[in-house]
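**Student:** Following this message is one structure expressed as structure tokens.
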Amino acid sequence: MTHAELEEISGLSTNNKQAHWFRAEFRINVVRSSEGRVVMTWTLFESLLARRAGFALSAATPPPERPKLRPVSTDRPRHAQNHE
């Protein structure tokens, strides 16, 4: 992404403020060039948006383990109903 694109997305013009914006919005520390500019690709940005929206999991975060399914047992006694 160009500096102009980063400025348009974040609404901020300085490198430090853009880096702080990414930390506040996506909870990440961005890669920065030797001049201090934020280094971001469109693919990474789109994946951050998807993750925030709940559509994707990062490769480092395994999906939560689902509980094992158990067959329904028909052998269980039903609750006795007293109509006395």
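Computed from the coordinates by the stated procedures, all read-outs in this text should not be read as laboratory data. What you see is a predicted model; the values in this text were computed from it and never measured. Here the Cβ is made from the backbone with ideal geometry for all residues, glycine too, and neighbour counts use every protein chain on show.
**Student:** Compactness ratio of region 3-53: Cα Rg over 2.2 N^0.38 Å, N = residue count?
**Tutor:** 1.04
**Student:** If R₀ is 30 angstrom, what is the calculated FRET efficiency for the pair THR43 and THR14, using the beta carbon separation as r and rounding to 0.05?
**Tutor:** 0.75
**Student:** Still on this structure: Taking the Cα centre of region 3-53 as origin, sum charge times position over the Cβ atoms of Lys and Arg (+1) and Asp and Glu (-1), and report the length of that vector in debye to the nearest 20.
**Tutor:** 300
**Student:** Give the long-range amide H neighbours of ARG32: residues separated by 5 or more places, or on another chain, with amide H under 5 Å away, using H modelled in the peptide plane at 1.01 Å from N.
**Tutor:** HN-HN under 5 Å from ARG32: VAL39.
**Student:** Ranked highest first by average number of other Cβ atoms within 10 Å, how do 28-35, 66-73, 47-54, 5-12 line up?
**Tutor:** Going by the mean number of other Cβ atoms within 10 Å, highest first, we get 5-12, 47-54, 28-35, 66-73.
**Student:** Using R₀ = 25 Å, calculate the FRET efficiency as 1/(1 + (r/R₀)^6) where r is the Cβ-Cβ separation of PHE55 and GLU25; round to 0.05.
**Tutor:** Step by step, r from the Cβ atoms, then E = 0.95.
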